[in-house]
Amino acid sequence: KPTEVRDQRAVELLLNLSSARNLAPFLGRENTVSRAATELSQDIKSVYRWTQRFMACGLLIQTRTLARSGRAIRHYRTVASEFVIPLAALPLAILVETDNSLHQQMQDALMRVWLKNGAERPWVSAAACVARCASVQPRIG
């Protein structure tokens, strides 16, 4: 079941491609920092710092610790296999960017329909524009 994320720190981490990439080795499965670092082709210290950030905002938990001579081996996994960010939790900058993108898509759709039906018959375009605009899908990014 997807977990809703409302904490701003967690939302920012999930929306950041670099941090999302560092969370991937733990998504829905148990992993160690060492193995994750190998999978990501990164150094262990860097991945360890990411795990600490993910744990601090509640995205990652430590599942078990294997005792051994020297340092114990800690295993981590995400608190869910899937995360959902509600619209209300999205940062304002993303909402504005999405709104601008949708606005541009709507304008483009209106112009295409208007040109297709001929500039001299705008009343024909109005009905077609409504139908066309209803089919515009938002594109983020």
Restricting to the range 81-102, give me the number of residues that are at pLDDT 75 or above and not in a loop (DSSP other than H, G, I, E, B). 5
Looking only at the range 64-85, count every residue that is open to solvent by less than 50 Å² (accessible area, probe 1.4 Å) and basic (Lys, Arg) and tell me the total. 0
Within the range 11-42, residues assigned to a helix (DSSP H, G or I) and under 16 Å from GLN62 (Cα atoms) come out as ASN22, LEU23, ALA24, PRO25, PHE26, VAL33, SER34, ARG35, ALA36
List pairs: first in the range 67-87 and closer than 27 Å to ARG6 by Cβ and of a type in the set (Asp, Glu), second exposed (fewer than 12 other Cβ atoms within 10 Å of the Cβ) and at pLDDT below 95, Cβ under 9 Å, 6+ apart or cross-chain? GLU82/LYS1; GLU82/PRO2; GLU82/GLY28
Report the residue count in the range 1-10 for those that are touching a Phe, Trp or Tyr at 6+ places or on another chain (Cβ under 9 Å) and in a helix (DSSP H, G or I). 1
Looking at the range 16-35, which of the residues that are touching a residue at least 40 places away in the same chain (Cβ under 8 Å) and not polar (S, T, N, Q) is surrounded by the fewest Cβ atoms within 10 Å (Cβ to Cβ)? GLY28
Looking only at the range 37-52, decide whether some residue is touching a residue at least 40 places away in the same chain (Cβ under 8 Å) and surrounded by 13 or more Cβ atoms within 10 Å (Cβ to Cβ). no
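The values are calculated or read from the model by the stated rules, or taken from the named source; none is laboratory data. None of these values were measured; they are calculated from a predicted model. Using ideal geometry, Cβ is built from the backbone for each residue, glycine included, and neighbour counts are taken over all protein chains shown. What goes into the accessible areas is simple: the full protein's heavy atoms, side chains included, and nothing from ligands, DNA or RNA. Shrake-Rupley method; radii C 1.70, N 1.55, O 1.52, S 1.80 Å.
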